[in-house]
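To start, the structure under review is shown below, and the notes come after it.
The values are calculated or read from the model by the stated rules, or taken from the named source; none is laboratory data. Bear in mind the structure is a predicted one, so any value in this text is a computation, not a measurement. Using ideal geometry, Cβ is built from the backbone for each residue, glycine included, and neighbour counts are taken over all protein chains shown.
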Amino acid sequence: MLKRIISPLPPFLLFIVLFASCAKETSVSPLDQSKVYLTGVGATPTKWYLTSYVSTATVLPLNYAQKRYFKTFGANNLYKDSDGFVGSWDMPSTEQLIERYVNYPSGAPATQSYKIVSITATNLIILHDYNGTPITAVYTAGN
């Protein structure tokens, strides 16, 4: 006659199996998610290419330089654009983006604040006032 031997799992092994089977979900705050969208994932920051420019309710045609204009927002808060401006950026809330850079040729520090209308991994829509006129800029992610 064959005896069947069933060995129960040792308690510590049972604990490990149960613990490993419970997956923890980590939630990312909306602000942190917006920053990830802005900077991109990986070592190379996302280039945000200007694709549309709206003044009040009028879509303005982009000229040659504007069609090639882009901004990057590095994970280390480094800001730069294709016009040669370099500085820093901050996103104090999901609705605000701030760029700080040196305005040349004057050398004076400049700050530009935007209202974030929408941000995803592929699109960035920001709004600011220029001499009392609302300007909406639409950017598309690329590299």
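Annotations
- Residues of segment 44-53 satisfying the condition of being modelled with pLDDT of 95 or more and out of contact with any Lys or Arg (no Cβ under 7 Å at 6 or more places or on another chain): Thr46, Lys47, Tyr49, Leu50, Thr51, Ser52
- Residue list for segment 114-143, restricted to those being more than 20 Å from Phe70 (Cβ to Cβ) and surrounded by 13 or more Cβ atoms within 10 Å (Cβ to Cβ): Lys115, Pro134
- Scanning segment 94-110 for residues that are in a strand (DSSP E or B) and loosely packed, with under 12 Cβ neighbours inside 10 Å, we see that the one that is modelled with the highest pLDDT is Pro109.
- Condition check for Ser113: within 15 Å of Ala137 (Cβ to Cβ), in contact with a His (Cβ under 9 Å, 6 or more places away or on another chain), among the hydroxyl-bearing types (Ser, Thr, Tyr) and outside any helix (DSSP H, G or I): yes
- Residues that are among the polar types (S, T, N, Q) and assigned to a loop (DSSP other than H, G, I, E, B) were ranked within segment 35-82; the one that is surrounded by the most Cβ atoms within 10 Å (Cβ to Cβ) is Thr46.
- Conditions (1) at pLDDT below 95; (2) aliphatic (A, V, I, L, M); (3) more than 17 Å from the chain's Cα centre (by Cα): number failed by Val41: (3)
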